[in-house]
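The values are calculated or read from the model by the stated rules, or taken from the named source; none is laboratory data. Please read all numbers here as calculations on a predicted model, not as lab measurements. We place every Cβ from the backbone using ideal geometry, glycine too, and count neighbours over all the protein chains shown. Surface areas here come from the heavy atoms of the whole protein model, side chains and all, with no ligands, DNA or RNA. Shrake-Rupley method; radii C 1.70, N 1.55, O 1.52, S 1.80 Å.
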Amino acid sequence: TFFNEDEKELLVAFWKEIEHSYLLYGFNISRFDIQYLKIRSVINQVKVKSMHIIDLRSILYEPENFMKGSLRDFAQAFGFETNTHNGSEIYDLWTKKEFKKIQEHCEEDVKITFELYKRMKECCLVL
């Protein structure tokens, strides 16, 4: 995970970290994360990198019109442990400058997403 109170520096660090990647997996990444990162990058005048996005949530839910459930909901359904805050609480944590809790939440989300990816790979849903 990345941390910096300066949003522009944070975005630069993120895009630099993935500059050699051609594929990015995530959960709801195409409908939230990437769109948000692109918008914030344009606002901050930060160059973005194009890449192929694999959205695990979209693979599980086709068509997307009926998608419901957060990563936490899927974690619970698949028996993955969750211990940190819900994503909807992140803004409040940010305003309270509780950055360590945000970092813990993000790191847990990455672990859950990776566990979900591995499970889906075992079931031949992703490569």
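As a summary of the residue check, E107 satisfies the conditions (1) assigned to a helix (DSSP H, G or I); (2) free of Cβ contacts under 8 Å to residues at least 24 places away in the same chain; (3) surrounded by fewer than 15 Cβ atoms within 10 Å (Cβ to Cβ) except for the one numbered (2).
Among the numbered conditions (1) open to solvent by less than 40 Å² (accessible area, probe 1.4 Å); (2) among the hydrophobic types (A, V, I, L, M, F, W, C); (3) at pLDDT below 90, the only one that F3 does not meet is (1). Are any of the residues in segment 37-50 at pLDDT 90 or above, under 28 Å from H85 (Cα atoms) and out of contact with any helix residue (DSSP H, G or I) (no Cβ under 9 Å at 6 or more places or on another chain)? Yes - at least one qualifying residue is present in segment 37-50.
Picking from residues in segment 48-98 that are of a type in the set (S, T, N, Q) and part of a helix (DSSP H, G or I), the one that is most open to solvent (accessible area, probe 1.4 Å) is Q76.
Among the residues of segment 19-47, those identified as open to solvent by 90 Å² or more (accessible area, probe 1.4 Å), over 19 Å from R72 (Cβ atoms) and among the basic types (K, R) are K38, K47.
I want to confirm something. Restricting to segment 7-18 and keeping residues that are open to solvent by less than 30 Å² (accessible area, probe 1.4 Å) and of a type in the set (A, V, I, L, M), which single residue is modelled with the highest pLDDT?
L11
Since F74 meets every condition but one in (1) closer than 26 Å to L127 by Cα; (2) modelled with pLDDT of 90 or more, which condition does it not meet? Here F74 meets the rest and fails (2).
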